[in-house]
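Colleague: Here it is: the structure, laid out below.
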Amino acid sequence: MTSFLLSLVGMPGAGKTTIGRRLARELGVPFHDSDHEIERRIGVPIREYFSRHGEQAFRDLEHAVITDLTQGVRGVLATGGGSVLREANRAALRGAGTVVYLHATPQSLHERLRHDLSRPLLQVADPLQRLHELFSQRDEHYRSSAHLVLDTGHGRIGRSVHELRSQLQRRYPFLRPAVPQELPKPFHGVHPRSARER
């Protein structure tokens with residue numbers, strides 16, 4: 001898995017960071033988050049950068065970060081919800097490894113995000129309507145980017161991680177756990193070779 005990149009795409013609140021971090025831990029590989037990397041570079045929360053400079057400037061920065069990450073890291077990568085809006089990002093993610101679309105309905109996302117003030121695109125009078133709009137704009141891009149689709153609308157992280165890991169292990173044999181070999185039967189007495197080597 002050291003030369004393998006698994007990228008997670010999906011709507012805000014679909015579980016990309018939470019599922020990605022746990023999956024990376026179970027697979028024993030590094031975890032990366034494009035939004036965290038953006039905030040590390042700019043030194044302020046994305047919401048603040050968004051309000052100061054606008055969405056276009058943010059998307060330019062996001063593209064630069066995704067380009068760097070897909071060329072330089074391996075393991076599991078969680079991406080921002082709008083990362084698939086640019087064709088160049090979709091191509092970079094698919095070209096770097098496997099892309100998984102974490103799918104959830106706008107209603108289930110609204111239940112999770114209704115008290116979350118950190119997402120700039122949802123700071124509107126009707127967040128549910130906004131989620132429906134974003135979903136209609138992005139679902140096709142998520143699907144065209146992805147090699148696999150996983151439903152995370154049920155909200156159970158452990159189940160999602162298990163299902164994703166099972167799908168990946170069926171698709172990529174090198175991710176399957178090694179079959180334990182039968183232990184040799186105990187030898188009673190002095191082995192001839194052992195006696196010579198003493």
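The values are calculated or read from the model by the stated rules, or taken from the named source; none is laboratory data. This structure is a prediction, so every number in the text was calculated from the model and none was measured. Using ideal geometry, Cβ is built from the backbone for each residue, glycine included, and neighbour counts are taken over all protein chains shown. Just the protein is used for accessible areas: all its heavy atoms, side chains included, with ligands, DNA and RNA removed. Shrake-Rupley method; radii C 1.70, N 1.55, O 1.52, S 1.80 Å.
Colleague: Go over the candidates 66, 19, 38 one by one and state the one that is of a type outside the set (Gly, Ala, Ser), in contact (Cβ under 8 Å) with a residue 60 or more places away in the chain, open to solvent by less than 20 Å² (accessible area, probe 1.4 Å) and assigned to a helix (DSSP H, G or I). Before the answer, list the steps.
Modeller: Working: 66 fails: in contact (Cβ under 8 Å) with a residue 60 or more places away in the chain; 38 fails: in contact (Cβ under 8 Å) with a residue 60 or more places away in the chain.
Answer to the check: 19.
Colleague: Any residue at all in the range 104-113 that's charged (D, E, K, R) and either loosely packed, with under 13 Cβ neighbours inside 10 Å or touching a strand residue (DSSP E or B) at 6+ places or on another chain (Cβ under 8 Å) (or both)?
Modeller: no
Colleague: For the range 155-166, what are the residues that are without any contact (Cβ under 8 Å) to a residue 40 or more places away in the chain and either outside any helix (DSSP H, G or I) or open to solvent by 40 Å² or more (accessible area, probe 1.4 Å) (or both)?
Modeller: Result: 156, 159, 162, 163.
Colleague: Another question about this same structure. For residue 150, indicate whether it is under 29 Å from residue 26 (Cα atoms), touching a strand residue (DSSP E or B) at 6+ places or on another chain (Cβ under 9 Å) and in a helix (DSSP H, G or I). Walk me through it before giving the result.
Modeller: Details: under 29 Å from residue 26 (Cα atoms): yes; touching a strand residue (DSSP E or B) at 6+ places or on another chain (Cβ under 9 Å): yes; in a helix (DSSP H, G or I): no.
For residue 150, the condition - under 29 Å from residue 26 (Cα atoms), touching a strand residue (DSSP E or B) at 6+ places or on another chain (Cβ under 9 Å) and in a helix (DSSP H, G or I) - is not met.
Colleague: Counting only residues that are in contact with a helix residue (DSSP H, G or I) (Cβ under 8 Å, 6 or more places away or on another chain) and over 15 Å from residue 140 (Cβ atoms), which one in the range 81-93 is least open to solvent (accessible area, probe 1.4 Å)?
Modeller: Step one: filter the range 81-93 for residues in contact with a helix residue (DSSP H, G or I) (Cβ under 8 Å, 6 or more places away or on another chain), giving 81-86, 88-90, 92-93.
From the residues that got through so far, the ones that are over 15 Å from residue 140 (Cβ atoms) too are 88, 92-93.
Working: 88: 53, 92: 27, 93: 1 Å².
The selected residue is 93.
Colleague: Among the residues of the range 69-80, are any under 17 Å from residue 119 (Cα atoms) and surrounded by fewer than 21 Cβ atoms within 10 Å (Cβ to Cβ)?
Modeller: As a first pass, look at the range 69-80 and keep what is under 17 Å from residue 119 (Cα atoms): 78-80.
Filter once more, so that each one left must be surrounded by fewer than 21 Cβ atoms within 10 Å (Cβ to Cβ): none.
No, because not a single residue in the range 69-80 is under 17 Å from residue 119 (Cα atoms) and surrounded by fewer than 21 Cβ atoms within 10 Å (Cβ to Cβ).
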